[in-house]
1. Gly219: closer than 23 Å to Arg99 by Cα, small (Gly, Ala, Ser), modelled with pLDDT under 85 and under 29 Å from the mean Cα position of the chain (by Cα), yes or no?
2. Taking the range 177-193 as the region of interest, how many residues are farther than 16 Å from Lys106 by Cα, assigned to a loop (DSSP other than H, G, I, E, B) and at pLDDT 80 or above?
3. For the range 207-232, which residues satisfy the criterion of being buried (at least 16 other Cβ atoms within 10 Å of the Cβ) and free of Cβ contacts under 8 Å to residues at least 40 places away in the same chain?
4. Considering the range 214-256 alone, what residues qualify as being part of a strand (DSSP E or B) and polar (S, T, N, Q)?
5. Give Ile116, Ile82 a once-over and let me know the one that is at pLDDT 90 or above, farther than 19 Å from Leu162 by Cβ and within 38 Å of the chain's Cα centre (by Cα).
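The values are calculated or read from the model by the stated rules, or taken from the named source; none is laboratory data. The shown structure was predicted, so the numbers you read here are calculated from the model rather than taken from an experiment. Here the Cβ is made from the backbone with ideal geometry for all residues, glycine too, and neighbour counts use every protein chain on show.
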Amino acid sequence: MKASRSILSSWPLESRRPSGTIRPCALTKRASALTKRASALTKRASALTKRASALTKRASGMTKRASAGVTLIELLLVVAIIAVLAMVAVPNFLEAQVRAKITRSKANMRSLASAIEAYAADYGRIPLGSEALKAVHFDSPIPEPDVNAAAQSCLTTPIGYLSGFVLDPFRRRTGGGADRHGLFVYQSYLAEAGLDEYLDRVRARDFCWSLLGNGPVAGEYESIVRLLSGEGDPATIYDPTNGAISEGYIVRTNKGDFSYRRHF
């Protein structure tokens, strides 16, 4: 009996514990780790709760702002932006319109010039201009509002050098004279055109005919004969270097587009 007790007492304590049991120290460590993990999860949940609360407040603020509508400052800011854009865009748009009209005016003059040259090739002379028609029909004068229409009518009938009257895009179809029909003023410089102190100078410069159209801005009237003789005011001829929207007449002759720089 004593021998058996001495043998049991000589065994280590670990060998006497049942298999599958855990030491108290390991349990404590595991519990501590679980506590820390639970604390971390709690903190994370708290952070998510705060973030959700912030998002809820932000959504609430946006909802209130949307329900409040546009403020006066925002409205004034939009109006100011529109005004600035209009100040920049409208002048450019108007200038583009004027340039388009100038291009169309010169194109219409070229069409008229081609018809006049075709008429001259068939009849051996150019058609009579408005002043020449007045001189020829002195006994039965043509009404002033219709004289330019009469000057162009020989280009439409009996032979259709033109399909119809060629209009001046800058001339409104109101009032008297050429404005009644909105036509270019056509002049011919032949012997039958009547006597004028400047006609000899015009013929000496080999000007046979001219077309006069309004420019973007109506200026002071100047006789086309004086202009072609070199005695007129150069400022009465439209010059795009003065600006697209400027005063002056647009003139074309049998020599092409007329300008003082080119012809004098």
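1. yes
2. The qualifying residues number 1.
3. Once the filter is applied, which keeps residues that are buried (at least 16 other Cβ atoms within 10 Å of the Cβ) and free of Cβ contacts under 8 Å to residues at least 40 places away in the same chain, the range 207-232 yields Leu212, Gly219, Glu222, Ile224, Val225, Arg226, Leu227, Leu228, Ser229, Gly232.
4. Hit for the range 214-256 is Thr253, nothing else.
5. Ile82
Conditions tested, residue by residue: (1) farther than 26 Å from Ala107 by Cα; (2) modelled with pLDDT under 85; (3) part of a loop (DSSP other than H, G, I, E, B).
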residue: Ala132; (1), (2), (3): no, yes, no
residue: Ile142; (1), (2), (3): yes, yes, yes
residue: Pro145; (1), (2), (3): no, yes, no
residue: Tyr161; (1), (2), (3): no, no, yes
residue: Leu195; (1), (2), (3): yes, yes, yes
residue: Arg201; (1), (2), (3): yes, yes, no
residue: Asp206; (1), (2), (3): no, no, yes
residue: Leu212; (1), (2), (3): no, no, no
